[in-house]
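Peer 1: Questions regarding the structure given below will be posed in turn.
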Amino acid sequence: MSRDDVTQAEENAFVRFFERVNRQVEKAIGSPPISVGAEEEVPVALRLCPLCGHQMREHNIDESSANVIVHCPVPDDARRPSPAHHEPLGELGMPASAHRLEKLAKRE
């Protein structure tokens, strides 16, 4: 049945059906919340660098190539130390889950 073959009465029945469904769903879950105002985000220049802890405006950002390079103003030895992970890593380089550790123990 193509859209051209549908009569006005059938189309209205179809539309009315989904309007009824929408009303019932809205009663069950309610209408979407209305936000009064969006929380203001901290500008990128004022955010802290995850490596050195200084504000991002103190950094030099090189966007001349395909890869963006950020140069920290702090020497390498004064940066925050990265957390040491001595446990096995998963496929994505993240610390392995307990389930993954059990599998590794069974293999050995």
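Peer 1: In this structure, does Asp62 turn out to be at pLDDT below 75 and more than 30 Å from Ser97 (Cβ to Cβ)?
Peer 2: Criteria not met by Asp62.
Peer 1: Sort out which residues of the range 26-44 are modelled with pLDDT of 70 or more, assigned to a loop (DSSP other than H, G, I, E, B) and over 30 Å from Ile69 (Cα atoms), and write them in order of number.
Peer 2: Residues satisfying the conditions are Gly30, Ser31, Pro32, Pro33, Ile34.
Peer 1: Please find, among Arg3, Arg23, Arg47, the residue that is over 30 Å from Ala78 (Cβ atoms) and at pLDDT 85 or above.
Peer 2: From the options Arg3, Arg23, Arg47, the qualifying one is Arg23.
Peer 1: If you don't mind, another one. Sort out which residues of the range 53-62 are part of a loop (DSSP other than H, G, I, E, B) and under 24 Å from the mean Cα position of the chain (by Cα), and write them in order of number.
Peer 2: Gly53 - this is the single residue of the range 53-62 that is part of a loop (DSSP other than H, G, I, E, B) and under 24 Å from the mean Cα position of the chain (by Cα).
The values are calculated or read from the model by the stated rules, or taken from the named source; none is laboratory data. All figures in this text were calculated on a predicted structure; none of them were measured in a lab. Heads up, the Cβs are rebuilt from the backbone with ideal geometry, glycines too, and the neighbour counts pull from every protein chain shown.
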